[in-house]
Amino acid sequence: MIMRRTPTEEILIATDLGTQSMKVAVAEMSEDGALTLLGVGESVSAGMRKAEVTDFGYAQAAARMALAEAERRTQAEITEVYLALSGTHLQAKNESVRGATVAEDDHRVTEGTIEELQKLATHLPLPRDHAVLHEVLRGYTLDRGVGSDQPLGVHTEQIEAHYHLVTGKRTKLQTSVQCVADQKIRVKGCTFSAYASGLALLSEEAKKRGVVVVDLGAGVTDVAVWRDDAIVHTAVHGVGGDHLTQDLSIGLEIPYARAERLKKEMGSVVLEPMEKDEKVTLAREISFDGRTFFKEAMVQILQARMSEIWQIIQADLEEQNLWSAIEGEVVVTGGGARLKGLSRLASEILPRPVRVGRARDFLGEQSDLERPEFSTVLGTLRYAAENERREANQAKGWRKIQKSIGKVVSGMRFLA
Amino acid sequence: MNPNNHPKASVAILAVGGTGAAVLDNLAVACEGEHRTLCIDTDALALRGTVAGKKILVAPERVHGMGTGGEAELLEGLSLEEGDSLDPLLSGIRTAMVVLSVSGGTGSALGPSLVRRLKKQGTEVVVLAVTPFGFEGRKKRELSEKALRELRQVADVVLVFSNERLLESSMSKDLREGQRSLDRALAKTIHGLAHVMEKEGLVHLGVAELKEAVGSGADAIGYLENAWAGVAEATGDGREEAAIEAVVEDILLEDGRAWKDGNRVLVSVITGPETSLQDFHGLLEKIRRRLPVDLPISAGAAVDPERSESLSLTVLVTRRCEGTLLPKVEKTERVEKRVEMESSEGKGKRKRKIVAAQGELEFDQTPNRFVRSSPSVRGAEDLDRPTFQRKGIVLRS
């Protein structure tokens with residue numbers, strides 16, 4: 001259950017089952033919606049590949065450790081969480097449903113009209129074996145193509161609601177949820193990782209101008225495009241930091257674990273002129289004889305893979321005709337954002353400026369905001385806050401769709 | 001009439017090796033002996049157990065009828081291109097569908113030379129190749145790629161089905177049952193295509209249409225899967241809708257990868273004599289509407305007088321490859337050392353040639369990090385393979 005520290009504060013808990021690490025973030029939400037970060041519990045991930053559970057027992061054990069660490073750090077008892085999910089099985093597309101107002105209401109948009117549209121949206125066709133992970137309301141179109149975020153009370157004969165629908169293979173979504181639910185913890189809601197990262201990093205202004213969020217995770221790379229304060233495109237590309245590490249392991253002929261350390265300690269996608277003839281020596285360890293190689297070789301390997309990832313993202317958005325619609329920049333986050341020279345390389349390939357993002361608008365524990373790998377779990381806290389506020393408003397009888405809350409329609413259909 | 005005794009049966013199904021034989025046996029069950037079949041293998045016991053119309057044991061002097069056990073090098077230098085014994089069995093075949101596994105066994109070793117022989121006599125050749133699991137290692141993968149490269153140089157069409165999908169689909173719970181399911185699926189696909197190619201009917205579907213769907217051999221890349229198929233039969237009222245639903249849910253299409261990676265659809269229909277051309281076009285429209293993605297469709301239909309009020313539907317989703325062959329990865333050469341040894345009695349030096357020590361053997365490049373996860377494929381590129389390898393980047397050393 002959501003605990004109350006004080007009569008005006010609630011505790012929110014978010015979980016990110018990452019491929020490299022599992023994170024559990026705990027925050028307090030005040031009555032005005034401000035979030036105070038209490039702490040993030042983290043554990044090394046296991047049983048996960050490309051953001052999907054491949055070994056349930058290991059994944060569950062890792063999730064348990066992260067939850068325990070979060071409880072220890074924050075003294076919060078965790079019985080209910082919001083979960084961020086990703087994976088290459090996720091598919092996203094923009095859908096619309098059309099409705100009409102009635103003459104008896106003088107052709108005004110009523111709550112009944114909105115509910116009718118929401119009901120229609122639940123009947124949108126899904127790929128086989130898929131369930132809805134997330135329906136994000138993008139806006140409405142009224143008569144004569146007029147757009148609207150707040151159509152309640154407006155006169156119009158026709159109204160169309162536009163959604164960004166993210167679906168995933170039902171069994172894979174359920175497996176991820178069970179990792180947490182089997183531990184007697186209720187999963188109250190789920191969100192899509194790319195969407196969550198955007199919530200953590202972006203200002204309202206950035207979302208209006210148009211911005212691309214790229215979350216370079218260990219298993220996959222999540223991409224979300226925002227425009228006009230709504231999400232217009234999301235994608236999951238099945239390459240991530242693990243591919244960088246494996247490329248190093250194969251190219252330099254070193255064990256995988258040693259390659260991972262090398263990448264974290266001195267990984268770079270650019271070679272400075274003075275590093276041209278520099279050599280790197282890896283010391284001998286148990287079952288590894290050590291190796292010496294040119295730094296240039298390491299950079300060649302990482303640069304090839306990262307260039308390819310940027311090219312994939314560039315081509316994907318080009319195909320969707322989105323670059324011309326975005327005035328803003330590309331914001332990079334996730335563990336992969338730590339790679340030296342990343343922004344410089346990306347700027348050569350993508351048609352927009354690139355910067356590494358930082359989570360914003362959290363009070364409390366600030367050091368955790370500096371870690372790009374926490375963007376998803378922090379954004380999930382923000383999603384949780386929006387959800388809790390919407391439910392509280394509905395409980396109080398507030399029927400008007402608030403802009404910040406109304407953008408998200410409860411989309412946990414597969415949990416129903 | 002037994003088609004194996006009919007010298008003019010224009011479409012023949014040829015199996016090379018154990019996997020091919022298993023598919024042939026399933027084919028016999030699926031189509032009740034309708035097709036002309038031939039099995040070529042090095043394993044006498046397996047050959048005896050298969051129900052293929054004609055059977056040929058090869059390389060008895062090398063492997064003594066015990067098969068290769070996946071060691072294709074046992075058959076090195078052996079070719080099916082020459083020799084008279086196969087002439088009476090291969091003559092008169094207009095179109096050959098050759099089914100084999102390219103996992104480093106008999107199929108890999110003898111498949112290419114069989115295809116060359118068939119091409120020499122003017123036969124059109126469609127190869128259905130099954131690739132090994134990722135965990136079978138780098139060596140198998142390289143043998144597989146080599147065999148596929150050779151096959152693509154000579155065959156008209158090469159359809160590649162991956163064993164790897166058994167690990168992640170509904171077949172993964174019991175691998176043996178999964179293997180049988182894949183064999184059955186391949187058999188039904190072959191039947192669906194061969195029947196339409198052989199019989200006269202409403203709309204022609206031949207090797208040219210398959211070639212258009214897959215691309216010519218040398219254009220294909222690596223050993224990526226390029227074909228997925230669903231096969232179903234239905235009778236009575238509503239048979240079209242029932243067959244279409246069953247096909248889309250069929251085992252090779254159920255994981256959705258076909259719709260993500262495929263860019264062409266081939267439809268083969270066997271129907272009763274009551275079906276008109278208009279009905280056929282109506283069926284195609286229903287299929288087009290039902291498919292999860294909008295892809296160009298080629299189709300063929302044959303009429304079977306004995307199939308009144310029934311419908312057999314084969315949907316083959318293919319990926320047409322546009323890229324070029326990858327450069328070969330440079331391999332470390334095995335070092336041979338000459339060791340001088342003195343006997344303990346000081347009888348003189350003996351020179352012994354030995355294979356390199358463990359530390360100098362080639363580094364195992366098996367991408368086992370991702371072997372149990374969904375493959376990351378973009379177009380025809382296997383993104384789980386290192387980028388620097390795929391792009392042919394030579395690392396500074």
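Values quoted throughout were computed directly from the atomic coordinates according to the rules given, and no laboratory measurement underlies them. This is a predicted model, so every value here is computed, not measured. Positions of Cβ are generated from backbone atoms using ideal geometry, with glycine treated the same way; all protein chains shown enter the neighbour counts.
Which trypsin sites (Lys or Arg not before Pro) in region A:50-149 sit in a loop by DSSP (not H, G, I, E or B) and have at most 16 other Cβ atoms within 10 Å of their own Cβ? Answer in residue order: A:R128. Histogrammed with a bin width of 10 Å, the alpha carbon distances of region A:204-358 distribute as 11, 39, 29, 15, 6, 1 percent, first bin at zero. The loop-placed GluC sites (Glu not before Pro) in region A:15-59, going by DSSP, that have at most 15 neighbouring Cβ atoms within 10 Å of their Cβ come out as A:E31.
Can you work out D for region A:169-228 in µm² s⁻¹ from Stokes-Einstein, where Rh is the Kirkwood radius over C-alpha pairs, the temperature is 37 °C and the viscosity is 0.692 mPa s?
Stokes-Einstein gives a translational diffusion coefficient of 246 µm²/s.
The alpha carbon centroids of region B:24-83 and region A:213-286 are separated by 47 Å.
In the P(r) worked out for region A:121-226, what percent of Cα pairs fall beyond 20 Å?
Numbers: 3167 of 5565 pairs.
When every Cα pair of region A:121-226 is considered, 57 percent fall beyond 20 Å.
Principal axis extents of the C-alpha atoms in chain A (largest first, rounded to whole Å): 82, 47, 40.
In region B:1-160, Rg over Rh equals 0.94, where Rg is the alpha-carbon radius of gyration and Rh the Kirkwood radius from pairwise Cα distances. Shielding of peptide B:371-379 by partners, expressed as the average count of other chain Cβ atoms within 10 Å per residue Cβ, is 6. In region B:7-318 the Cα-Cα distances spread across 20 Å bins starting at 0 as 35, 58, 7 percent of all pairs.
Sparse packing (at most 16 other Cβ atoms within 10 Å of the Cβ) combined with a DSSP loop state is found for the following GluC sites (Glu not before Pro) in region B:37-99: B:E71, B:E76, B:E81, B:E82.
Whole number please: convex hull volume per residue, Cα atoms of region A:91-168, in Å³. Provide the component values of the computation, followed by the final result.
Working: hull volume 6.1 nm³, N = 78.
In region A:91-168, the Cα convex hull volume per residue is 79 Å³.
Extension gain for the segment A:N393 to A:Q174, taken as residue separation times 0.36 nm less the Cα-Cα distance, is 75.9 nm to one decimal.
Taking label points 7 Å from Cα along the Cα-to-Cβ direction, A:E370 and A:E115 give a separation of 5.1 nm.
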